[in-house]
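What follows is calculated from the coordinates using simple rules that are stated; it is not laboratory data. Quick caveat: nothing in here was measured; it's all calculated off a predicted structure. Here the Cβ is made from the backbone with ideal geometry for all residues, glycine too, and neighbour counts use every protein chain on show.
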Amino acid sequence: MQEIYKTGGRKFVLLNLPPVGCLPNLRVVNPQAHKGDCQKEVSSYTRLHNKVLSQVLKELPKKLPGFKYALFDFHTSTLQRIKHPSKYGYKEGKTACCGTGEFRGVFSCGGKRPVKEFELCQNIDDYIFWDSLHFTEKVYHQVADEMWSNVNYIHDFHQVSYNIKHLFHIP
């Protein structure tokens, strides 16, 4: 960011990490997977990273005059979908549309991986996860809309909530 700042960039939009421990790929290696729990150790590292990211960003405006940013809480946004899929128009929040094994968490989609067998869902729009590591296009569309116009998960360096559309209209 400092390199972009040096070339004239002043407004930045950032996303924190999603709930990585809840990806189907990590659920299958979780001893509590049969309960549908997220991988706790990875989840704790993700939360720690997001906390440090937020702290570091708060310091940058003091060092870089005119620096403004919005930090989108991608973690909370996607975790809400995973925990409450029907609220966002999904039927499934833990299992991937494409893959094999429990939660279709084995990265096998497309048959070009070491594991060749895979299952494919009937309707991708019912799922939050496309495969064991990636969200579906529907999730990204919803998140993009939230980032642009919703205030629920956006925070700036003054801890005032606003949307990204607003960030690009302020001087």
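Secondary-structure-derived ellipticity at 222 nm for the chain, considering helices only, amounts to -10500 deg cm²/dmol, per-run term -39500 (n - 2.57) for DSSP H runs with n ≥ 4. With each label modelled as a point 7 angstrom along the Cα→C-beta vector, the residue 63-residue 123 pair spans 5.0 nm. Ranking 44, 60, 79 by Cα position along the charge dipole of region 13-89, where only Lys, Arg, Asp and Glu carry charges on their C-beta atoms, puts 60 farthest toward the positive end. Placing +1 on the Cβ of every Lys and Arg and -1 on the Cβ of every Asp and Glu, with nothing else charged, gives the chain a dipole about its Cα centre of roughly 520 debye. In whole Å and largest first, what semi-axes does the C-alpha gyration tensor of region 58-158 yield when each eigenvalue is scaled by 5 and square-rooted? They are 34, 16, 10 Å, listed largest first.
Each label point was placed 7 Å from the Cα along the Cα-to-Cβ direction; for residue 35 and residue 149 their separation is 4.0 nm. Once both labels are positioned 7 Å from their Cα atoms along Cα-to-Cβ, the gap between residue 91 and residue 3 label points is 4.6 nm. Candidates 97, 148, 128 compared by Cα position along the dipole of the chain: farthest toward the positive end lies 148, with charges placed on Cβ.
Beyond 18 Å, what share of the Cα-Cα pairs of the chain is found? Please give it as a whole percent. Of all Cα-Cα distances in the chain, 64 percent exceed 18 Å. Under a 5 Å amide H cut-off, with hydrogens placed 1.01 Å from N, residue 13 pairs with 70 among residues at least 5 apart or on other chains. Pairs exceeding 29 Å between alpha-carbon atoms, taken from 11/138; 58/87; 83/112; 35/165; 87/165; 40/165: 58/87; 83/112; 35/165; 40/165.
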